[in-house]
Structure formats: C-alpha cells, structure tokens
1. Among Phe53, Phe71, Phe2, which comes first, second and so on when ranked by fewest other beta-carbon atoms within 10 Å?
2. Taking neighbour counts of Cβ atoms within 10 Å as a proxy for exposure, in what order, fewest first, do Val4, Val64 appear?
3. Order by neighbour count: Thr40, Thr34, fewest other Cβ atoms within 10 Å first, most last.
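The numbers here are math on the coordinates, done by the rules we state, and not lab data. Because the structure is predicted, anything quoted here is derived from the model rather than measured. Glycine gets a Cβ as well: all are built from the backbone with ideal geometry, and neighbour counts include every protein chain shown.
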Amino acid sequence: MFAVPEADIAADLLPSSPGRAGGGTRSHFANHTTEGQEPTVRSGGLELPAAAFRLSDPDLAGRVLLDFGAFDQWR
C-alpha cells in the first residue's frame, strides 16, 4: 500500500464517518488498527465505497491510502 498525496488523486473523495477501520462493517482496510476515515472514491459516475483510507496520523496529513484491488472494475 502507498500513502499518496490527496491532491494527486483524480477522483472525488466523498466523506465518511470517522472511526476505526474494520469495526464490523465491510472494509477494504479491515487490517488497520488506527483511527481514520474511509471515503468513497467517485469518478465518472462510478462510486467505490471505502476504497480509500485517510489516516488520522499527523505524519501522513494530506495523504490517502488507496485499496488498489477495489479499482479492478474500472479497468
């Protein structure tokens, strides 16, 4: 996984509720144990719920993790 600059993502990141990933709901980031948000990625009319993860870690401010496997349907 890579923490990419959010400004480099050519898609909309729709907000989600803050919380811990993997808290009993379907999550691409279920293995993370840190606080953060799982935005929905939207581009060209297609939405991928929780395909990104915005960590609450201040050292990674402005960066987002992407679940590259979630983007298979865009190819």
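1. So the ranking, lowest neighbour count to highest, is Phe2, Phe71, Phe53.
2. Val4, Val64
3. In increasing order of surrounding Cβ atoms, one gets Thr34, Thr40.
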